[in-house]
1. For the peptides 69-80, 1-12, what is the packing order when you average, over each peptide's residues, the other Cβ atoms within 10 Å and list the highest mean first?
2. On a 0 to 90 degree scale, rounded to 10, what angle separates helix 107-120 from the longest Cα axis of the chain?
3. Using a simple charge model, +1 on the beta-carbon of Lys and Arg, -1 on the beta-carbon of Asp and Glu, nothing else, what dipole does the stretch 66-135 show about its Cα centre, in debye to the nearest 20?
4. Out of the GluC sites (Glu not before Pro) in the stretch 95-134, which ones are loop residues according to DSSP with at most 13 other C-beta atoms within 10 Å?
5. With charges set only on the Cβ (+1 for Lys and Arg, -1 for Asp and Glu), what does the dipole of the chain come to about its Cα centre, in debye to the nearest 20?
6. Sort out for me the Cα centre separation of the stretch 96-110 from the stretch 32-90, rounded to whole Å.
7. What do you get for GluC sites (Glu not before Pro) in the stretch 1-108 restricted to DSSP loop and a cutoff of at most 14 other Cβ within 10 Å of the site's Cβ?
8. When the accessible area of the stretch 17-101 is split by element with a 1.4 Å probe, what percent falls to carbon and sulfur?
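The values are calculated or read from the model by the stated rules, or taken from the named source; none is laboratory data. Keep in mind it's a predicted model, so treat the numbers as computed, not measured. Positions of Cβ are backbone-derived with ideal geometry, glycine not excepted, and every protein chain shown enters the neighbour counts. Remember, those area values only see protein heavy atoms, side chains included, never the ligands or the DNA or RNA. Shrake-Rupley method; radii C 1.70, N 1.55, O 1.52, S 1.80 Å.
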Amino acid sequence: MLSARNITVRYGKTTIVEDISLDVVPGEVLVVLGPNGAGKSTLLGALCGELNTTQGRLWLDEQVLTHWTGPQRARRLAVLPQSSTLSFAFTVQEVVAMGRLPHDSGQQRDAEIVQAALEAADALHLHERSYLALS
């Protein structure tokens, strides 16, 4: 579980996110709604540890988020951003396989997991398409 208590993020003197507390429980869907510029992406960046908070605390599985190493956090926490910075024409399958990088389960097992993920997302038919060609 990811827990946030009283999270605040400021850029200089401007407060972007203020006093947010929430729990993200495995298996549940959490939706954050708001108009452009409301701080949704900033909140997501803070929750995953990509952005520093100016106030508040974050825990991942009851351990302070900053105590997790990068590889440990990558095995437990994933973020799908609204837009991608990938500029190479990777295939859909290659992009999905990138999610396996923090794990040490072996090529064969990773291939099985990628296949299952594509099937679960009803995207197996896209596996050879360029990621950049998707809308």
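1. Ranked by mean Cβ neighbours within 10 Å, highest first: 1-12, 69-80.
2. With both axes taken from Cα atoms, the answer is about 80 degrees.
3. Dipole about the Cα centre, nearest 20: 320 debye.
4. Counting only loop positions with at most 13 other Cβ atoms within 10 Å, the GluC sites (Glu not before Pro) in the stretch 95-134 are E128.
5. So the magnitude is around 500 debye.
6. 21
7. Numbers: sites: E18, E28, E50, E62, E94; in loops: E28, E50, E62.
Passing sites in the stretch 1-108 are E28, E50, E62.
8. Of all accessible area on the stretch 17-101, carbon and sulfur atoms account for 54 percent.
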